[in-house]
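Have a look at the structure below, then the notes.
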């Protein structure tokens, strides 16, 4: 049996960060390891209160199959707290699972990752922890972040505190996809653990071995682990930009992007995953991680490599802009004062996450062209959308010194009902591949819209046969 870091039968874990990674990850660990007590921490008390909602109706993130696991574990061996000072000293293993957004100012602004929350976590751990502690990077971080954490943890101001504490730093990046996070965590392709303390690595590995085969647990040095996460996201985003670029060629030549995707996906060297065209990639990771990778490349003098990865982002932005142009072109070259119904605002189906959603840029461009939007999404709330447009308004006013143009009840409205959203619309724009959009009664919906009526399907979820008894004009991406 491999030698472990702790000589105890029961471990206590805390995870700092109750977001899209920390919540599902700790819930799955708690479900598979009932003997381990886990506390998820966050300084946002309102968020913690939502996680502790007795009726499970205010859980702050939407993820299929998350609620059943929470019902099984919460209050038994999974807890949520805002009291870092109380919980950190009790933990044997501490996961750092906080946001690492792109910097908005200073050196590397617009490209480098902002580690302010990672550094804050490290300082709290240095201040409150006791005895030997394994600290695990779960957040997506730049290469060499572990060194920053290590320096903070080993520079405690109190000599007595420094002599009684020992830290081991590990990198354990997440590879889950929102919308299938629980399945991904229960059935991972691999679990990656990087570090230079073999006992600590074995300890973390022993937890995953409760439900993951040993052959899937990869042990590396810490730098390889950190870079592997950035590289994985960059490669996945690259595939999406690549197939989206081909969708434009298909539209010009008469080829069908579905047929092209299927043909190349059957090549075992390529594979079929991430070959679905769409309005562009979104979410918290792809954009941020490619920017970070590009920044690192330039930092180390690899400009040509940085330029290569920058192109992936340029194609992604171009794909969103060209959709707006196509809509304008089809609607007689003018969308001013025309009502366009948006089906889907989340960046993908089965999540309520809107971070970097293609819908944001596309809706912003449509509003700037004078369109009036009716927005529907089954999981994204009106408050989420309102905050996004408020941010856009502040940016717009700052850059143009102009009036407000992203105003609710004037430039956009939110509807809980798809049919209500479509009333008197000139067009429907499908931006998220929610299952319910595949079973719309298009014949009834057409009666509520202005003529000529258009459907713009950026997710290829509509079967043209379903529109045979209607007079809809249909544009499908890559067709």
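The values are calculated or read from the model by the stated rules, or taken from the named source; none is laboratory data. The shown structure was predicted, so the numbers you read here are calculated from the model rather than taken from an experiment. Every residue, glycine among them, receives a Cβ derived from its backbone with ideal geometry; neighbour counts consider all protein chains shown.
Here is a list: 317, 307. Which entry is at pLDDT 95 or above and loosely packed, with under 14 Cβ neighbours inside 10 Å?
Values: 317 fails: loosely packed, with under 14 Cβ neighbours inside 10 Å.
Result: 307 is the single residue among 317, 307 that is at pLDDT 95 or above and loosely packed, with under 14 Cβ neighbours inside 10 Å.
Any chance you could count how many residues in the stretch 60-97 are more than 29 Å from residue 354 (Cβ to Cβ) and assigned to a helix (DSSP H, G or I)?
6
Can you pull out every residue in the stretch 407-435 that is out of contact with any strand residue (DSSP E or B) (no Cβ under 9 Å at 6 or more places or on another chain), in contact (Cβ under 8 Å) with a residue 40 or more places away in the chain and surrounded by 12 or more Cβ atoms within 10 Å (Cβ to Cβ)?
Once the filter is applied, which keeps residues that are out of contact with any strand residue (DSSP E or B) (no Cβ under 9 Å at 6 or more places or on another chain), in contact (Cβ under 8 Å) with a residue 40 or more places away in the chain and surrounded by 12 or more Cβ atoms within 10 Å (Cβ to Cβ), the stretch 407-435 yields only 433.
Take the residues in the stretch 353-388 that are touching a helix residue (DSSP H, G or I) at 6+ places or on another chain (Cβ under 7 Å) and assigned to a loop (DSSP other than H, G, I, E, B), then tell me which one is surrounded by the most Cβ atoms within 10 Å (Cβ to Cβ).
Let us first name the residues in the stretch 353-388 that are touching a helix residue (DSSP H, G or I) at 6+ places or on another chain (Cβ under 7 Å), namely 354, 356, 358, 360-362, 364-366, 369, 373-376, 378, 388.
Remaining after also requiring assigned to a loop (DSSP other than H, G, I, E, B): 354, 356, 369, 378.
Numbers: 354: 23, 356: 20, 369: 17, 378: 19.
Out of the qualifying residues, it is 354.
Which one is farthest from the chain's Cα centre (by Cα), of the residues in the stretch 446-479 that are in contact (Cβ under 8 Å) with a residue 40 or more places away in the chain and part of a strand (DSSP E or B)?
Checking each candidate, the answer is 473.
Give 13, 48 a once-over and let me know the one that is at pLDDT 95 or above, more than 18 Å from the chain's Cα centre (by Cα) and crowded, with 20+ Cβ neighbours inside 10 Å.
Numbers: 48 fails: crowded, with 20+ Cβ neighbours inside 10 Å.
Only one candidate passes the filter, namely 13.
Check residue 56 against each of (1) crowded, with 23+ Cβ neighbours inside 10 Å; (2) over 20 Å from the mean Cα position of the chain (by Cα) and name the one condition it does not meet.
If we test residue 56 against (1) crowded, with 23+ Cβ neighbours inside 10 Å; (2) over 20 Å from the mean Cα position of the chain (by Cα), just (1) comes out false.
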